[in-house]
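This report refers to the structure that appears directly beneath it.
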Amino acid sequence: MEKSDIVNVSGRRVEKGRYVAPLLKGLAYTLKNFFSRPVTLQYPQEKTERSKRWRGLHRLNVDENGKLKCVACGLCARICPSQAITIIPYEDEGGTRYPKKFVIDELRCIYCGFCQEACPKGAISLTQVYDYIDYHRSDFIFDIEKLKNPKQFEFKGK
């Protein structure tokens, strides 16, 4: 091998012509994928499948009588790392506790799921809804009425 057959490429010494085979291999791979079916989905008509463990918008669960399961213990608000949950408890004459005000700021939430795990009554859960959009920050603050049915906010498209 003569000195003229060796090329210095980024500090390495490579023989001339040794880069052609990898280049052709890369081009073949590109062309193979170029003519295969597209992987783009036509969103919002087609949506990706989400895992069963996906954590989207919050929901306050109700019992069989239609009452909130939440007893306003405040564990979810205390465990929330982003402090996105605000609860104001209320207790009636019979000693039954329920939230007078329950607010989740969905923009602050990091969707960690700690609130769902901490709730002793199973009153809060995270849904599969991931595509809630709006124009104002105030629309991302969910109160009790919004939290009862987050599916209504799922993006349907045009």
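The values are calculated or read from the model by the stated rules, or taken from the named source; none is laboratory data. These numbers come from a predicted model, not from an experiment. Neighbour counts run over all protein chains shown; Cβ positions are idealised from the backbone, glycine included.
A few points about this structure:
- Here is the figure for segment 63-105: residues that are more than 12 Å from CYS119 (Cβ to Cβ), among the aliphatic types (A, V, I, L, M) and surrounded by 13 or more Cβ atoms within 10 Å (Cβ to Cβ) total 3.
- Residue match in segment 70-79 (condition: modelled with pLDDT of 90 or more, part of a strand (DSSP E or B) and of a type outside the set (Phe, Trp, Tyr)): no
- Residue match in segment 21-42 (condition: within 30 Å of ILE124 (Cβ to Cβ) and either among the hydrophobic types (A, V, I, L, M, F, W, C) or not assigned by TED's automatic domain parsing to the domain that holds LYS121 (or both)): no
- Among the numbered conditions (1) among the hydrophobic types (A, V, I, L, M, F, W, C); (2) more than 17 Å from ALA118 (Cβ to Cβ); (3) more than 16 Å from the chain's Cα centre (by Cα); (4) surrounded by 10 or more Cβ atoms within 10 Å (Cβ to Cβ), the only one that LEU60 does not meet is (2).
- Just one of the listed residues (GLN116, GLN152) is at pLDDT 95 or above and not in a loop (DSSP other than H, G, I, E, B), namely GLN116.
- Segment 10-56: number of residues that are under 19 Å from the mean Cα position of the chain (by Cα) and at pLDDT below 80: 1
- Qualifying positions in segment 111-120 - out of contact with any Lys or Arg (no Cβ under 7 Å at 6 or more places or on another chain) and surrounded by 12 or more Cβ atoms within 10 Å (Cβ to Cβ): CYS112, PHE114, CYS115, GLN116, ALA118, CYS119
- Any hit, segment 80-95, residues being out of contact with any helix residue (DSSP H, G or I) (no Cβ under 8 Å at 6 or more places or on another chain), closer than 17 Å to PHE142 by Cβ and in a strand (DSSP E or B): yes
- Checklist (1) closer than 21 Å to PRO120 by Cβ; (2) surrounded by 13 or more Cβ atoms within 10 Å (Cβ to Cβ); (3) free of Cβ contacts under 8 Å to residues at least 60 places away in the same chain applied to ARG108, failing item: (1)
- Condition check for GLU93: under 26 Å from TYR132 (Cα atoms) and without any contact (Cβ under 8 Å) to a residue 40 or more places away in the chain: no
- Output for segment 60-79, where each listed residue is among the charged types (D, E, K, R) and farther than 26 Å from ARG137 by Cβ: ASP63, GLU64, LYS67, LYS69
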